[in-house]
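The values are calculated or read from the model by the stated rules, or taken from the named source; none is laboratory data. Worth saying up front: this structure is predicted, and the values here are computed from it rather than measured. Cβ: placed from backbone, ideal geometry, glycine included. Neighbour counts: every protein chain shown. For the accessible areas, the whole protein counts, side chains as well, though only heavy atoms, and no ligand, DNA or RNA atoms are used. Shrake-Rupley method; radii C 1.70, N 1.55, O 1.52, S 1.80 Å.
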Amino acid sequence: MNDDGKNASSERYLVLLGFSKWPHLEVALFVVILMFYLMTLIGNLSIIILSYLDAHLHTPMYFFLSNLSFLDLCYTTSSIPQMLANLWGPEKTISYTGCMIQLYFVLALGTTECVLLVVMSYDRYAAVCRPLHYAVLMNPRFCHLLAVASWVSGFTTSALHSSFTFWVPLCGHRRVDHFFCEVPALLRLSCVDTRVNELTLLITSSIFVLIPLILILSSYAAIARAVLRMMQSTARLQRAFGTCGAHLTVVSLFFIPVICIYLQPPSGESQDQGKFIALFYTVVTPSLNPLIYTLRNKDVRGAVRRLVGRERSTHS
């Protein structure tokens, strides 16, 4: 990042400015983010372990939920430890290689989540609207194929963006006005025209954000119509709305902040606001997902009781 426009790889590190404009907030943010991170680890690990150990949870819904939990664990771990280290001490640096690795995994996992939420909405559509064919439609082989497709699409798309960003020359300074390595923040460091990069980001963001959102909303619109036709079954109605309501809450918490960051024109004035929006979908949402899915979920409560009862009988 010299003045002659050499690529950033000629320098060994970048400075993540993060929240250094508000030094009085950094200690409070460190404590709050650490708490949310611990909640994310405990909640998502619990879902993965329960889904694996309890045979009653060996269903497509909990298979995809386990994938989402594992994804959230990886997503938060790709950025939060670095963020906590920068908030705690005066050093706010990250190696250029570390920045590119973080950029790749944050993009890959974020894109995977967009696709996986579509898959989960289709699973709910099949369960509610095609109950007699559900076991055939969502057979184990097809579920595994959908999960693999979600992960492959995310990591492939990220490879495209990461490589484009890697070859953009970063000039003049090493100060990234963000708390982690994200494409829009890195493009602001460039001293060349980045309109092609921004257009590519906009197009792929539209494909992996807007199209999934439309598909998800279409699935839940069909579910709502089907559920309203089942008004005679109050218990089934409540169960369907409870499960789908949890899914829609997760979708809203993830997609709305992402749309605010990736589908608006870049501007210096919105950068500070963008940091707090990004803080929401990188820190808050992954910690809330386990609570939203399990808080009023009889299946999970039953699995916990069975697991505790099994442990007691083993030790007695």
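Quick notes on this one:
- Over the chain: Kirkwood hydrodynamic radius from C-alpha pairwise inverse distances, Å: 21.1
- Working note: Karplus 6.51/-1.76/1.60 with θ = phi - 60° gives the range 273-279 the couplings 4, x, 4, 6, 5, 5, 4 Hz, where Gly and Pro are set to x.
- Span from the the range 7-62 Cα centroid across to the the range 73-100 one, whole angstrom: 11
- Subtracting the Cα-Cα distance of V284 and S206 from 0.36 nm times their residue separation leaves 25.7 nm of extension gain.
- Taking Cβ separations below 4.7 Å as the criterion for a possible disulfide partner, the isolated cysteines in the chain are C74, C114, C129, C143, C244, C260.
- Counting only heavy atoms of the protein chains and using a 1.4 Å probe, R188 has close to 100 Å² of accessible surface.
- Extension reserve of the A135-S95 stretch, reckoned as 0.36 nm per residue once the Cα distance is removed: 9.5 nm
- You can think of it this way: the chain between Q273 and L217 has 17.4 nm of extra reach, that is 0.36 nm per residue less the Cα-Cα gap.
- Relative contact order %, the range 13-299, counting alpha carbon pairs below 8 Å whose residues are six or more apart: 26
- Accessible area expressed per residue, the chain, with surrounding protein chains retained (probe 1.4 Å, Å²): 50
- Percent of alpha-carbon pairs separated by more than 28 Å within the range 1-148: 40
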